[in-house]
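Structure, as structure tokens:
The values are calculated or read from the model by the stated rules, or taken from the named source; none is laboratory data. Quick caveat: nothing in here was measured; it's all calculated off a predicted structure. With ideal geometry, Cβ positions are generated from the backbone for all residues, glycine too; neighbour counts draw on all protein chains shown. In case anyone asks, the SASA skips ligands and DNA or RNA and just uses the protein heavy atoms, side chains included. Shrake-Rupley method; radii C 1.70, N 1.55, O 1.52, S 1.80 Å.
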Amino acid sequence: MTAGDQNWDHQARQETETQRLDRNWASLIQELRVVQTGVQFLIGSLLLLPFQAGFATLSQPMRLVYLATVAAAMGATVFLVAPVSWHRILFRRHRLGNVVAAAHRCAMAGIALLGLALTGATILVMDTVAGPVAGVVSGVVVAALFATAWVLAPWRWRGVGDRADG
């Protein structure tokens, strides 16, 4: 956080650094609650697939997509749940700044892995239902949608002048 950000928080919100960290932590935890449920549902569904009769007919390339998708979903879970562990371990150690900074990085990594996992799941479903061309095309389209909606669009606003919140 820059000195300009700190000054803005203090002037616009009349909040101390600790109040800002508390607000940022609460916002981040609420955001993680939204994605954690979806990731857990995705993992549950993915873990059931190998035990279905049709899984044996999956081609070798689609098995690799499946394994990469499970790995990405597991990685997303690790990173999206990690802030809870950080908070518990550093609780009452006056390290909220460290917790918020680490949780932010973990959330970004978890969101990226979630995008990969959802892209992989889309490829698997479309390949199974409509064939390999549909799987590849849908994977490219979904990856482009995630990149645009989750990265490019918000990144574009980072440089915009008038700030409405901190």
Checklist outcome for this item: Regression test value, accessible area per residue of region 62-117, probe 1.4 Å, units Å², expected 56
Next on the checklist: Among PHE55, VAL137, TRP157, whose Cα projects farthest towards the positive end of the dipole of the chain, with charges put on the beta-carbon of Lys, Arg (+1) and Asp, Glu (-1)?
Outcome noted: PHE55
Checklist entry - Calculated FRET efficiency, ARG13 and LEU49, Cβ-Cβ r, R0 35 Å, to nearest 0.05? => result 0.15
Checklist entry - Largest first, how would SER45, SER138 line up by accessible area (1.4 Å probe)? => result SER45, SER138
Checklist entry - Which value at 222 nm does the chain reach when only helices count, each DSSP H run of 4 or more adding -39,500 (n - 2.57), with the total divided by all residues and rounded to the nearest 500 deg cm²/dmol? => result -27000 deg cm²/dmol
Checklist entry - Assigning unit charges at the beta carbon (Lys, Arg +1; Asp, Glu -1) and nothing else, what dipole magnitude in debye, to the nearest 20, does region 9-80 show about its Cα centre? => result 280
Item to check | Length gained when the stretch THR148-VAL35 is fully extended (0.36 nm per residue, less Cα-Cα span) | outcome: 38.9 nm
Checklist entry - Quick one: how many Å² of GLU31 are accessible to a 1.4 Å probe, rounded to 10? => result 110
Checklist outcome for this item: If the chain between ALA109 and ARG23 were fully extended at 0.36 nm per residue, the gain over the current Cα-Cα distance would be 28.8 nm
Checklist outcome for this item: Rounded to one decimal in nm, the spacing of the 7 Å Cα→Cβ label points at TRP155 and ILE89 is 2.9
Checklist entry - What part of the accessible area of the chain, given as a whole %, is carbon or sulfur when the probe is 1.4 angstrom? => result 66
Checklist outcome for this item: The rounded separation in angstrom of the Cα centers of region 12-46 and region 97-166 is 17
